[in-house]
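The values are calculated or read from the model by the stated rules, or taken from the named source; none is laboratory data. Worth saying up front: this structure is predicted, and the values here are computed from it rather than measured. Cβ coordinates were reconstructed from backbone atoms using ideal geometry, including for glycine residues, and neighbour counts include every protein chain displayed.
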Amino acid sequence: MNIVSVPNWIRRFYRQAIWKIPTPEKVVYLTFDDGPTPMITESVMDLLDEYNAKATFFCIGSQVEKHERLFQNIQDRGHRVGNHTFNHISGWSSTPKDYLDDVERASQVISSGLFRPPYGRITKKQFNQIKKRYTVVFWDIIPGDFIQGITSKKLLKNTLKYLKSGSVIVFHDSIKCGDVLLETLPVLLEELKQRGYRLEVIPFEY
Ligand SMILES: [Zn+2]
């Protein structure tokens, strides 16, 4: 099942996390998970630059270790980074200790007060620990670039269907999603510009 927009009951369960960011201004927040990935992350940033857009990249610690310079480059170009665990583990199949250890390991290479759980899967117990040190950022819209065979047209449609000011949108600058993402992003950025939206980094930090 593809949940493009997150139901309210899930939002209520993690009330202290960020789902979207209420704002009277026309701002949306693009986020890119699972990088940094050579070529793909650079291409994403080049496109963002064309529109003077800033985004937040939730990086995997093991990827950061492999691509340190690219990780630094993300920050040098005015984007923001967040912790997305070291090994991209699911909270549902990890003990709280193992989960926290993995987040901690990632924090040694990713200095950020923002955290996003891989797959959005985190238990309440893990969440309660993590939120002591991080602002936990979920999303408002998950258009589904990871869905096998999704077309750029469908991805764009999913993104725009529920879009409003303050929306937090999740994409993946990974090898798996790179092609469809890079095909969609130019069209999306142009559309957002036409609609008068500014693209900014997630503003909060714990
Ligand atoms: Zn992820």
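Structural remarks
- The requirement of being surrounded by fewer than 21 Cβ atoms within 10 Å (Cβ to Cβ), at pLDDT 95 or above and part of a loop (DSSP other than H, G, I, E, B) is fulfilled somewhere in region 99-108, by at least one residue.
- Some residue of region 111-119 being aromatic (Phe, Trp, Tyr) and over 20 Å from VAL64 (Cα atoms): no
- Residues in region 171-189 include none that are among the small types (Gly, Ala, Ser) and farther than 30 Å from SER107 by Cβ.
- Of residues in region 15-71 being within 13 Å of the ligand (Cβ to nearest atom) and among the charged types (D, E, K, R), the one farthest from the chain's Cα centre (by Cα): ASP34
- Within region 134-152, the presence of a residue that is modelled with pLDDT of 95 or more, in contact with a helix residue (DSSP H, G or I) (Cβ under 9 Å, 6 or more places away or on another chain), among the charged types (D, E, K, R) and more than 16 Å from the ligand (Cβ to nearest atom) is excluded.
- When GLN16 is tested against (1) in a loop (DSSP other than H, G, I, E, B); (2) more than 15 Å from PRO117 (Cβ to Cβ); (3) at pLDDT 70 or above, just one condition goes unmet, and that condition is (2).
- Restricting region 46-64 to residues that are of a type in the set (A, V, I, L, M) and out of contact with any helix residue (DSSP H, G or I) (no Cβ under 7 Å at 6 or more places or on another chain) leaves a set whose member that is farthest from THR135 (Cα to Cα) is LEU48.
- The set of residues in region 104-128 being aliphatic (A, V, I, L, M) and either away from the ligand (no atom under 13 Å from the Cβ) or more than 18 Å from GLY61 (Cα to Cα) (or both) consists of VAL109, ILE110, LEU114.
- Candidate set from region 80-98 (those that are surrounded by fewer than 21 Cβ atoms within 10 Å (Cβ to Cβ) and among the hydrophobic types (A, V, I, L, M, F, W, C)); member that is farthest from LEU48 (Cα to Cα): TRP92
- Only one of the numbered conditions (1) surrounded by fewer than 15 Cβ atoms within 10 Å (Cβ to Cβ); (2) within 23 Å of SER62 (Cα to Cα); (3) more than 16 Å from the ligand (Cβ to nearest atom); (4) of a type outside the set (Ser, Thr, Tyr) is violated by LYS131, and that is (1).
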